[in-house]
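Quick notes on the structure that follows.
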Amino acid sequence: MKTKNKQTKFPVARIKKIMQKDEEVGKVAQATPVVISKALELFLAMIVEEATKVTVERGAKKVEAYHLKHAIETTEMLDFLKEIVESVPDP
C-alpha cells in the first residue's frame, strides 16, 4: 500500500482558519487546505521562475521588485496581478 505524503510548505491549519473566516464557507474537508497549500506552492514557484528569467535576461545578480513586476506584466496568466505591481518603479 502506497503512503501519501501530505507534507506541505504552507501551514494547513492556518489556511483552514483563513477559509473559515468567510461566512459563506461552511465545513472544510480535510483534504481541501492541503490541496490549496500545494496550489499556492506551485503558483509561487511559477512567479519566482518567471522573475528569475527576467533577472537573468537583464544580467542582474539578484531578483529585484521590478523583475517581478516585469515578469507579471509579460506573463499572460498573471494579468490579474498587474494592478498590485503597477506602483513598483522601473530602474
For the chain, the accessible surface attributable to carbon and sulfur atoms (probe 1.4 angstrom, ligands and nucleic acids excluded) amounts in percent to 57 percent
GNM on the chain, Cα springs under 10 Å; top mean-square fluctuation among E76, E41, E24 goes to E24
For L42 the rounded accessible area (nearest 10 Å², probe 1.4 Å, non-protein molecules ignored) is 100 Å²
Count of lysine pairs, region 12-84, Cα-Cα under 27 Å, sep. 8 or more residues or interchain, comes to 19
Rounded to the nearest 10 Å², the accessible area of R14 using a 1.4 Å probe with every protein chain kept is 150 Å²
Sorted by accessible surface (1.4 Å probe, heavy atoms of the protein chains only), largest first, V35, V54 come out as V35, V54
All alpha-carbon distances of region 12-84, grouped into 5 Å bins from 0, give the whole-percent distribution 3, 15, 19, 15, 13, 13, 11, 6, 3, 1
Expressed per residue, the solvent accessible area of the chain in Å² (1.4 Å probe) is about 83 Å²
Candidates I18, I36, I72; GNM for the chain (alpha-carbon contacts under 10 Å) flags as most fluctuating I18
Among M77, M19, M46, the residue with the largest mean-square fluctuation in a Gaussian network model of the chain built from Cα contacts under 10 Å is M77
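The values are calculated or read from the model by the stated rules, or taken from the named source; none is laboratory data. The structure presented is a predicted model; accordingly, all values stated were derived computationally and were not measured. Areas reflect the complete protein model, heavy atoms only, side chains present, ligands, DNA and RNA absent. Shrake-Rupley method; radii C 1.70, N 1.55, O 1.52, S 1.80 Å.
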